[in-house]
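One structure below.
The values are calculated or read from the model by the stated rules, or taken from the named source; none is laboratory data. The model shown is predicted, which means the values in this text are computed figures rather than measured ones. FYI the Cβ positions are ideal-geometry reconstructions off the backbone, even for glycines, and counts take in every protein chain you see. Just so you know, the surface numbers come from the protein's heavy atoms only, side chains and all, with ligands and any DNA or RNA stripped out. Shrake-Rupley method; radii C 1.70, N 1.55, O 1.52, S 1.80 Å.
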Amino acid sequence: LRGLERLKHVHGFFYHFFDASTGARTWQSEVSCIDSAIAFSGAMVIDEYFAGTDVARRANRLIDRAEWPWFLDCQDTLKWGWRPEGGFEAARMEEFSESILAYLLAMGSSTASIPKACWDALRRPVSRYADDFPRMVYTPDCSLFAYLLPLAWFDLRDRYDAYLDYWSN
């Protein structure tokens, strides 16, 4: 946590690549929404395991400084990255993927959350199987990693919305 605290950050988010000894950005990498979300997810685990301790307080400070609305860039879906040389990257997190990790964290933020309508803005590609098969939403690149990564931190049993039952999916 001390190492993460000293990393250079922008609006609370981390660069994709950084120098481990100085914490500074390297290789002109982007500030990464998804990589930051993964770090924040690890901090959530730390908070739960070390509840009520200084370690948990440090983890929460890291999570709480993230300004999630900034990564919306005045739209309804999060951007993947930002660079000081050119601003936000064109690509948005607008399809069902590992990005749901960032959306769940951003909507649940106690300090700088995004509107719940952002969840509805995600495109969810639906499988085209015969009628006797359940409707399934899949990741655009059919990557199992991208689909399963958020499940390392979020238990989606008995979680469903207007789109699907996420556990069955």
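Structure above, values below:
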| read-out | value |
| --- | --- |
| Tally of residues being open to solvent by 70 Å² or more (accessible area, probe 1.4 Å) and touching a Phe, Trp or Tyr at 6+ places or on another chain (Cβ under 6 Å) across region 62-74 | 0 |
| Tally, over region 24-61, of residues that are touching a Phe, Trp or Tyr at 6+ places or on another chain (Cβ under 7 Å), within 14 Å of PHE13 (Cα to Cα) and open to solvent by less than 40 Å² (accessible area, probe 1.4 Å) | 10 |
| Those residues of region 1-13 which are at pLDDT 95 or above and buried (at least 16 other Cβ atoms within 10 Å of the Cβ), in sequence order | VAL10, GLY12, PHE13 |
| For THR77: the one exception among (1) at pLDDT 95 or above; (2) open to solvent by 50 Å² or more (accessible area, probe 1.4 Å) | (2) |
| Filtered residues of region 138-154 (kept if over 16 Å from MET107 (Cβ atoms) and either in contact with a Ser or Thr (Cβ under 7 Å, 6 or more places away or on another chain) or at pLDDT 80 or above (or both)) | TYR138, THR139, PRO140, ALA146, TYR147, LEU148, LEU149, LEU151, ALA152 |
| Filter result for ALA112 (open to solvent by less than 50 Å² (accessible area, probe 1.4 Å), in contact with a strand residue (DSSP E or B) (Cβ under 7 Å, 6 or more places away or on another chain) and under 15 Å from PHE40 (Cβ atoms)) | no |
| Counted residues, region 84-117 - those being over 16 Å from PHE13 (Cβ atoms) and polar (S, T, N, Q) | 2 |
| Matching residues in region 86-101 - criterion: being hydrophobic (A, V, I, L, M, F, W, C), touching a residue at least 40 places away in the same chain (Cβ under 8 Å) and farther than 13 Å from ASP120 by Cα | LEU101 |
| Some residue of region 125-142 being open to solvent by less than 60 Å² (accessible area, probe 1.4 Å), among the β-branched types (Val, Ile, Thr) and under 12 Å from the mean Cα position of the chain (by Cα) | no |
| Flag if LEU105 is under 24 Å from LEU156 (Cα atoms), open to solvent by less than 60 Å² (accessible area, probe 1.4 Å) and not acidic (Asp, Glu) | yes |
